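The values are calculated or read from the model by the stated rules, or taken from the named source; none is laboratory data. Computed from a prediction, not measured in an experiment: that's the story for all the values here. No Cβ is skipped: glycine too gets one built from the backbone with ideal geometry, and neighbour counts run over all protein chains shown.
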Amino acid sequence: MRKFLLSFVLVFVLFGASYADIVYTTSTGTLGLIEVTSASSADLKGTYTKSLSNALVSAYSDYDGNRRVILVDKTNDLTTSGDSFSRFSPNDLSKALDEETKYFEGVYGTEIIRNSRNGKSLFLSSSSDIYEFDTDTFAMKNSFDCTPKSDDVASKIKDIAVLENRIFILAETQNSGDVVMRFDGQLKRNVGAFYQWAVASSDATKIAELDNSRVAVARKNDVALLENKKVTSLVSLVSSDNPVKDLCRDSGSGFFYATQTTDSSGNYVNTISHYTQSSINNFANAVLNSTSSTLQLIRDDTYNVLGVISGTEINLYNMSDGTLINTFTSSELGGNPVNMAITNSRINTSNKKNNSGCEVSGLGMILLLMCVVPFSKKF
């Protein structure tokens with residue numbers, strides 16, 4: 001008599017490393033890295049002098065899923081072929097990956113840089129123009145002049161928000177005030193229609209994605225919502241006595257926003273607040289005084305951390321409960337922080353030149369193999 005027994009073999013592959021690195025630049029030309037190791041711990045890992053004052057920094061993953069940091073010299077040197085940039089691995093910011101200088105051909109005076117959701121493109125703005133570059137070859141893929149088709153003087157792009165298949169641009173015009181424009185993922189505006197909305201404020205400062213269908217716009221004294229399918233109007237969500245300077249989405253359906261005013265001594269007072277669908281709260285009483293007006297918010301989903309440049313400091317908070325994780329001063333950072341970006345393992349790690357646009361988490365994989373092994377036994 002032959003009897004077959006089923007045996008299940010469980011093979012567990014350990015989680016890969018999780019990264020949550022914040023890269024930043026300073027007014028004195030320092031490029032630095034802060035490593036976030038948990039929702040309650042962050043340490044300064046290194047500072048490196050690059051001699052590029054007020055340089056722009058961004059982070060993305062290349063076609064093979066390698067984390068990359070890009071540093072852009074925005075000096076607007078018209079004697080070159082375009083703004084120069086250097087690529088680094090966040091594991092070693094001391095030496096660029098490329099031996100020779102690289103350029104964004106035809107782009108001068110880069111003001112904003114954003115990466116696409118799938119890691120395949122970088123979007124840059126200079127004055128009224130937006131450009132798309134391939135992250136593999138760094139060849140220009142598309143460009144567009146965002147000057148409205150009207151009697152307006154040329155626009156100035158204020159901010160860019162990149163959704164999964166849409167690009168929203170906040171631009172300043174002379175006659176129409178600040179407007180929002182929507183493009184498809186290839187900077188084409190003939191997808192259905194080309195939309196342009198008056199933001200009804202000449203002091204709009206920021207546009208940020210909330211999800212794949214909504215963006216939020218920071219205006220002079222409020223934050224307004226714009227839905228992808230409801231393109232005719234902006235709906236005010238929160239109001240403020242002080243100008244809203246920056247915002248970023250939280251890990252759910254809400255967002256954080258920062259307002260700024262000055263006290264009697266002329267110091268800048270920055271307040272961080274958290275908006276959810278049910279409430280608006282001062283975020284952990286994060287009222288910060290500074291002698292510098294620089295103010296920027298970024299979030300990290302790996303450890304649920306909010307990063308804040310507030311004047312001369314970088315402060316990190318736990319987004320869940322508002323706990324202050326750490327404060328890094330200008331003396332520690334190597335100068336006053338100018339801008340920062342997050343690079344972590346949740347940036348796209350899709351297969352090389354995969355056009356699916358899907359994002360893959362880099363927190364690791366669990367591989368479950370169920371094998372049927374026959375055993376025989378004679379009785």
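Below, the figures for the structure above:
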{"quantity": "Residue selected from the stretch 277-311 under the condition at pLDDT 85 or above and among the β-branched types (Val, Ile, Thr), by the criterion surrounded by the fewest Cβ atoms within 10 Å (Cβ to Cβ)", "calculated": "291"}
{"quantity": "Residue pairs meeting the criteria (Cβ under 8 Å; at least 6 apart or on separate chains; first touching a residue at least 24 places away in the same chain (Cβ under 8 Å), in the stretch 132-146; second among the basic types (Lys, Arg) and not in a strand (DSSP E or B))", "calculated": "135/120; 136/120; 136/353; 142/188; 144/189"}
{"quantity": "Scope the stretch 91-116; condition of a type in the set (A, V, I, L, M) and either under 15 Å from residue 74 (Cβ atoms) or modelled with pLDDT under 90 (or both); matching residues", "calculated": "107, 112, 113"}
{"quantity": "Residue match in the stretch 277-288 (condition: touching a Pro at 6+ places or on another chain (Cβ under 9 Å) and within 26 Å of residue 114 (Cβ to Cβ))", "calculated": "no"}
{"quantity": "Unique residue being farther than 29 Å from residue 315 by Cα and either touching a residue at least 60 places away in the same chain (Cβ under 8 Å) or surrounded by fewer than 18 Cβ atoms within 10 Å (Cβ to Cβ) (or both) when the list is 92, 64", "calculated": "64"}
{"quantity": "The stretch 41-61, subset in a loop (DSSP other than H, G, I, E, B) and in contact with a strand residue (DSSP E or B) (Cβ under 6 Å, 6 or more places away or on another chain), residue surrounded by the fewest Cβ atoms within 10 Å (Cβ to Cβ)", "calculated": "54"}
{"quantity": "Within the stretch 75-127, strands (runs of 3 or more DSSP E) holding 1 or more residues that are closer than 16 Å to residue 187 by Cα", "calculated": "112-115, 121-126"}
{"quantity": "Selection from the stretch 263-286 of residues that are part of a strand (DSSP E or B) and closer than 18 Å to residue 222 by Cα", "calculated": "269, 270, 271, 272, 273, 274, 275, 280, 281, 282, 283"}
{"quantity": "Qualifying positions in the stretch 143-159 - surrounded by fewer than 16 Cβ atoms within 10 Å (Cβ to Cβ) and either modelled with pLDDT of 90 or more or under 21 Å from the mean Cα position of the chain (by Cα) (or both)", "calculated": "143"}
{"quantity": "Whichever residue in the stretch 332-350 is in contact with a strand residue (DSSP E or B) (Cβ under 7 Å, 6 or more places away or on another chain) and closer than 14 Å to residue 62 by Cβ and, among such residues, is modelled with the lowest pLDDT", "calculated": "349"}
{"quantity": "Residues located in the stretch 286-308, provided they are more than 17 Å from residue 205 (Cβ to Cβ) and either out of contact with any strand residue (DSSP E or B) (no Cβ under 9 Å at 6 or more places or on another chain) or in contact (Cβ under 8 Å) with a residue 60 or more places away in the chain (or both)", "calculated": "300, 302, 303, 304, 305, 307"}
{"quantity": "Hits in the stretch 233-262 (condition: touching a Lys or Arg at 6+ places or on another chain (Cβ under 8 Å), part of a loop (DSSP other than H, G, I, E, B) and free of Cβ contacts under 8 Å to residues at least 60 places away in the same chain)", "calculated": "243"}
